[in-house]
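Remarks on the structure that follows.
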Amino acid sequence: MWRASFLSAERLVADVWEFRFSRPPGYIYLPGQYASFGLETSIHDPRGRYRTMTLTSHPNDNHVAFVTKISEQPSPFKTKLMHMQPGDLILLDAALGDLVLPKSPDLPLVFVAGGIGIASYVSMLQDLITRKEERPIFLFYALRSAHEQIFRGLLDSYPLQLKEIAIAPNRLTAGQIKSSVPPDALIYLSGSQRFVEGLQIALEQLRTPRGQIVFDYYDGYTDL
Ligand SMILES: Cc1cc2nc3c(=O)[nH]c(=O)nc-3n(C[C@H](O)[C@H](O)[C@H](O)COP(=O)(O)OP(=O)(O)OC[C@H]3O[C@@H](n4cnc5c(N)ncnc54)[C@H](O)[C@@H]3O)c2cc1C
């Protein structure tokens, strides 16, 4: 367990915020991993005082960051986050997760995001840009509205093989993904549970081997 001090909170779009904390000495992680963040003191929150958040910072950064939605009626946990002052401490667990870059640089990758699920790919893309490494990456990004798009600059600065943005009422389908990417591609899914599980099942029905799909879903949200 580490302690990190709050640096800043920045509104990215409407209800999406990025929170930054100092990176504790010795805290290491791989681009794409997530960590559990906890409040120092207990709160009256049915879900407790910890939340899992995907790290949008890069391992070389001096800070750690995540993005999250702050709804009109946020949980007590997120209410506390919004009231943090510079220097306030948060608890941080070791980073985990399999949504990381595979060893082979030639393997085609498909990044599928629903809403703020795009956060899962931010650190990986930043890593490739930092290391000046180009991999064949196909991006599919589903949004409820065009205004919800985040990390636009980063997504524009990486030479993606394909960038498909589906804005509601348009929907991303497994058939669309399958027909646009190489058959051996590794498919990453990230978003709400409904989004991820729906696509996972549909991709498997289209005979995508289980081993070719990796996913994280952001629990606690009905929609992202
Ligand atoms: C591997 C993994 C990675 C994750 N990465 C991220 C990430 O990068 N960013 C992220 O935001 N989340 C991420 N999550 C999910 C995160 O851990 C939280 O579950 C999520 O942010 C919801 O937080 P919250 O419970 O504080 O609810 P909130 O976001 O405050 O609320 C969620 C919804 O519930 C409603 N609600 C809240 N309280 C109540 C109440 N008392 N009664 C009725 N409705 C209520 C809100 O209005 C809102 O619609 C991740 C989860 C996992 C497992």
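Label zone of E134 (point 7 Å out along Cα→Cβ, amide N under 12 Å): in region 155-170 this covers 158-161. At an R0 of 35 angstrom, the distance between the Cβ atoms of K163 and S42 translates into a FRET efficiency of 0.20. Ordering 99-109, 10-20 by mean Cβ neighbour count within 10 Å, with the highest value first, yields 10-20, 99-109.
Per residue, how much accessible surface does region 27-75 expose to a 1.4 Å probe? Answer in Å², no decimals.
Values: 2400 Å² over 49 residues.
Heavy-atom SASA per residue in region 27-75 reads 49 Å².
Per-residue 3J(HN,Hα) values for region 73-78, derived from phi via the Karplus relation 6.51 cos²θ - 1.76 cosθ + 1.60 with θ = phi - 60°, read 10, x, 5, x, 4, 6 Hz in sequence order (x marks Gly and Pro).
When the chain is fully extended, how far beyond the present Cα-Cα distance does T173 get from A202, taking 0.36 nm per residue of separation?
On the way: separation 29, 0.36 × 29 = 10.44 nm, distance 0.81 nm.
So the extension gain works out to 9.6 nm.
Each residue, N60 and D98, gets one label point 7 Å from its Cα in the Cβ direction; the gap between the two is 2.9 nm.
Taking the Cα centre of the chain as origin, sum charge times position over the Cβ atoms of Lys and Arg (+1) and Asp and Glu (-1), and report the length of that vector in debye to the nearest 20. Please list the in-between numbers first.
Numbers: 22 positive and 23 negative charges, 13 e Å.
Rounded to the nearest 20 debye, it is 60 debye.
Under 17 Å from a label point set 7 Å out along the Cα-to-Cβ vector of L91, the amide N atoms of region 29-49 belong to 35-49.
Residue-wise HN-Hα couplings along region 40-45, as the Karplus relation 6.51 cos²θ - 1.76 cosθ + 1.60 with θ = phi - 60° gives them from phi, are 5, 10, 6, 10, 7, 9 Hz; Gly and Pro carry x. Can you return the aspartates and glutamates within cross-link range of K69? Criterion is Cα-Cα under 15 Å, with same-chain partners fewer than 8 residues away left out. Straight-distance partners of K69: E10, D15, E18, E148, D219, D223.
First check a/c for region 109-218, with a ≥ b ≥ c the square roots of the eigenvalues of its C-alpha gyration tensor; if it is under 1.5, answer rounded, and if not, answer prolate when a/b is larger than b/c or oblate otherwise.
Numbers: a/c = 1.67, a/b = 1.19, b/c = 1.40.
The shape class here is oblate.
With the Cα gyration tensor of the chain giving a ≥ b ≥ c as the square roots of its eigenvalues, does the rule (a/c under 1.5 for rounded; else a/b larger than b/c for prolate; else oblate) give rounded, prolate or oblate? Verdict is prolate for the chain.
Among DSSP beta bridges whose residues both lie in the chain, state the antiparallel percentage, nearest 5.
Working: 26 of 49 bridges.
Looking only at bridges with both residues in the chain, the antiparallel portion is about 55 percent.
Protein heavy-atom accessible surface, 1.4 Å probe, per residue over region 109-218: 46 Å². The apolar share of the surface of region 109-218, taken as the fraction of accessible area on carbon and sulfur atoms (1.4 Å probe, ligands and nucleic acids excluded), comes to 51 percent.
The values are calculated or read from the model by the stated rules, or taken from the named source; none is laboratory data. Predicted, not measured: the structure shown is a model, and the values here were computed from it. Cβ: placed from backbone, ideal geometry, glycine included. Neighbour counts: every protein chain shown. To get the accessible areas, we keep the full protein, side chains included, count just its heavy atoms, and leave off ligands, DNA and RNA. Shrake-Rupley method; radii C 1.70, N 1.55, O 1.52, S 1.80 Å.
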